[in-house]
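Asks: Here it is, the structure in full.
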Amino acid sequence: MEYALVWVFVHLVGAMPRRVARWVGAGIGALAYRGLGRLRGVGVRNLALAYPEMPEAERERILRAEYRNLGFLLAEFCLMSAYTPEGASEFIRYEGLENYLGARERGKGVLVLTGHLGAWELSSFYHSLMGMPMGMVIRRLDNPLVDAFVNRIRCQHGNRVIHKDDFARGLIASMRGGETVGILMDTNMTPPQGVFVPFFGVQACTASGLARIALKTGAAVVPGFLLWEESEQKYVLRFGEELDVLHTGDSEADAIANTAAFTAAMEGYIRRYPEQWLWMHRRWKTRPPGEMGIY
């Protein structure tokens with residue numbers, strides 16, 4: 001039943017003109033904001049942690065805008081299997097593509113540092129649509145039929161899924177092959193996979209796998225986010241400059257230091273586009289020993 005509902009919804013919205021589909025998505029986002037009180041409460045708590053000095057009304061505006069952004073993303077996912085390079089380029093453009101291409105030319109693989117910011121599902125899809133497929137580290141969905149359906153869309157133009165249960169082996173093999181892999185590095189983790197580093201000034205248990213793989217393989221680390229620019233009415237797939245990877249010989253200390261640096265880089269993007277980050281995720285759920293729970 002779940003698979004049938006997902007299939008019908010995706011094909012129903014996917015048959016709409018893009019402007020209508022995005023309007024429908026925004027409406028679903030507004031309904032979710034009003035109806036999903038528990039998730040909204042998590043968003044309120046997270047914004048208060050990240051921006052304690054910000055007026056409550058402004059935090060509410062950001063959260064409402066984030067729900068609208070999620071509605072837009074839902075619409076884009078339903079539509080994107082029909083996108084062509086020419087059609088998609090009318091509302092998506094690159095910025096900093098040379099940063100990605102330069103890193104790729106080194107031949108040791110590229111780890112794209114990304115997160116649940118902007119249109120993350122569309123970002124890797126567009127990159128593959130433009131002839132640059134990549135791997136994606138994702139968690140399996142609970143329903144295997146829905147998981148397979150969603151992954152067929154994600155991988156329509158050559159992308160490849162790397163499941164989290166095969167994380168290390170899959171990433172090392174990809175880097176040795178000079179490939180590109182995107183890693184969403186902004187979700188709550190638990191030790192030992194996660195280490196505590198500052199995120200908006202609050203210790204957050206953060207996946208250290210990207211840092212450890214970069215240290216082991218010499219792969220380049222490049223920030224990459226697909227962000228909505230309201231002034232242009234376009235998405236911009238923005239690749240930042242390659243990030244330095246610290247090597248001191250102390251592998252554990254280096255993993256923590258690099259994870260902190262990568263997290264700080266991501267925070268910088270979120271601060272520029274706060275309306276486009278997933279504030280309703282319990283990002284600070286895991287606490288250092290002895291600390292009270294946040295949620």
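The values are calculated or read from the model by the stated rules, or taken from the named source; none is laboratory data. Please read these numbers as outputs of a predicted model, since none were measured by experiment. Heads up, the Cβs are rebuilt from the backbone with ideal geometry, glycines too, and the neighbour counts pull from every protein chain shown.
Asks: How many residues does the stretch 16-62 hold that are buried (at least 17 other Cβ atoms within 10 Å of the Cβ) and either over 24 Å from the mean Cα position of the chain (by Cα) or among the small types (Gly, Ala, Ser) (or both)?
Replies: Counting residues in the stretch 16-62 that are buried (at least 17 other Cβ atoms within 10 Å of the Cβ) and either over 24 Å from the mean Cα position of the chain (by Cα) or among the small types (Gly, Ala, Ser) (or both) gives 7.
Asks: Where the second residue is at pLDDT 95 or above and not in a loop (DSSP other than H, G, I, E, B) and the first is charged (D, E, K, R) and surrounded by fewer than 16 Cβ atoms within 10 Å (Cβ to Cβ) and lies in the stretch 240-268, which pairs have Cβ atoms under 6 Å and are six or more apart or on separate chains?
Replies: 241/99
Asks: Further question: Working only within the stretch 1-36, note down all residues that are of a type in the set (Lys, Arg) and under 19 Å from residue 233 (Cα atoms).
Replies: Scanning the stretch 1-36 gives 18, 19, 22.
Asks: A further question on this structure: For the condition in contact (Cβ under 8 Å) with a residue 60 or more places away in the chain, crowded, with 22+ Cβ neighbours inside 10 Å and either of a type outside the set (Lys, Arg) or touching a Ser or Thr at 6+ places or on another chain (Cβ under 7 Å) (or both), what is the one hit in 146, 110?
Replies: 110
Asks: Consider residue 175 against the criteria (1) part of a helix (DSSP H, G or I); (2) closer than 25 Å to residue 215 by Cβ; (3) under 18 Å from the mean Cα position of the chain (by Cα); (4) not acidic (Asp, Glu): it satisfies all of them except one. Which criterion is unmet?
Replies: Every condition holds for residue 175 apart from (3).
Asks: Being more than 21 Å from residue 212 (Cβ to Cβ) and not in a helix (DSSP H, G or I) is the filter here, so list the residues in the stretch 139-159 that pass it.
Replies: Passing the criteria: 140, 141, 142, 143, 155, 156, 157, 158, 159.
Asks: Given the conditions (1) of a type outside the set (Asp, Glu); (2) in contact with a Lys or Arg (Cβ under 8 Å, 6 or more places away or on another chain); (3) crowded, with 17+ Cβ neighbours inside 10 Å; (4) assigned to a loop (DSSP other than H, G, I, E, B), which single one is not true for residue 227?
Replies: For residue 227, the exception is condition (4).
Asks: It is to be established whether one or more residues within the stretch 126-138 are surrounded by fewer than 22 Cβ atoms within 10 Å (Cβ to Cβ), farther than 23 Å from residue 164 by Cα and of a type in the set (Val, Ile, Thr).
Replies: No, the conditions are met nowhere in the stretch 126-138.
Asks: Does the stretch 161-180 contain at least one residue that is in contact with a Ser or Thr (Cβ under 6 Å, 6 or more places away or on another chain), in contact (Cβ under 8 Å) with a residue 40 or more places away in the chain and farther than 30 Å from residue 252 by Cβ?
Replies: No.
Asks: Take the conditions in contact with a Gly (Cβ under 8 Å, 6 or more places away or on another chain), part of a strand (DSSP E or B) and of a type in the set (Phe, Trp, Tyr) and apply them to residue 196. Does it pass?
Replies: Answer is no for this residue.
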